[in-house]
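Notes to accompany the following structure.
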Amino acid sequence: QVQLVESGGGLVHTGGSLRLSCAASGRTFSSYAVGWFRQAPGKEREFVVAINWRATSTYYADSVKGRFTISRDNAKNTVNLQMNSLKPEDTAVYYCAATYHGGAATTYTSYDYWGQGTQVTVSS
């Protein structure tokens, strides 16, 4: 069992940056693949980015490619999401998810553990 807690959300203007963190407790996070998903009001949860458990593979949604970067900090048992050049359409609740010894999966059903989410709001 692993518990996930997201942090780093907030309100920024268009073009601004935020850095989200997903902290894990209960298990060694380096053994888990991690994905970030987001859900805007009235919309379905959508895939943002994922990294496999070995940190050898990442996969980005086209909408964030070139602007967002996922990274692992195994010493701190965290996975970070650096978000640059933010747009109003990036506004959503962002969730991190994990699965043991997984790949960089894009579907939410591939993940077993979820955080509670952190709100990101980008104003125009």
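Numbers for the structure displayed
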quantity	calculated
Candidates Lys76, Lys43, Lys65, ranked by Gaussian network fluctuation over the chain, Cα under 10 Å, top entry	Lys43
Partners for Lys43 among lysines (Cα-Cα distance below 22 Å; same-chain residues under 8 apart left out)	Lys65, Lys87
Neighbour cut-off at most 16 other Cβ (10 Å), DSSP loop, GluC sites (Glu not before Pro), the range 43-124	Glu44
Carbon plus sulfur fraction of accessible area for the chain, probe 1.4 Å, in percent	47 percent
Nitroxide proxy distance, nm - points 7 Å out along Cα→Cβ at Ser30 and Gln119	3.7 nm
Inter-label distance for Ser17 and Asn84, nm, one decimal - labels placed 7 Å from Cα along Cα-to-Cβ	0.6 nm
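The values are calculated or read from the model by the stated rules, or taken from the named source; none is laboratory data. A quick note: this is a predicted structure, and the numbers were derived from the prediction, not measured. Cβ sites come from the backbone with ideal geometry, for glycine too, and all protein chains shown count toward neighbours. Note: areas computed on protein heavy atoms with side chains; ligands, DNA, RNA excluded. Shrake-Rupley method; radii C 1.70, N 1.55, O 1.52, S 1.80 Å.
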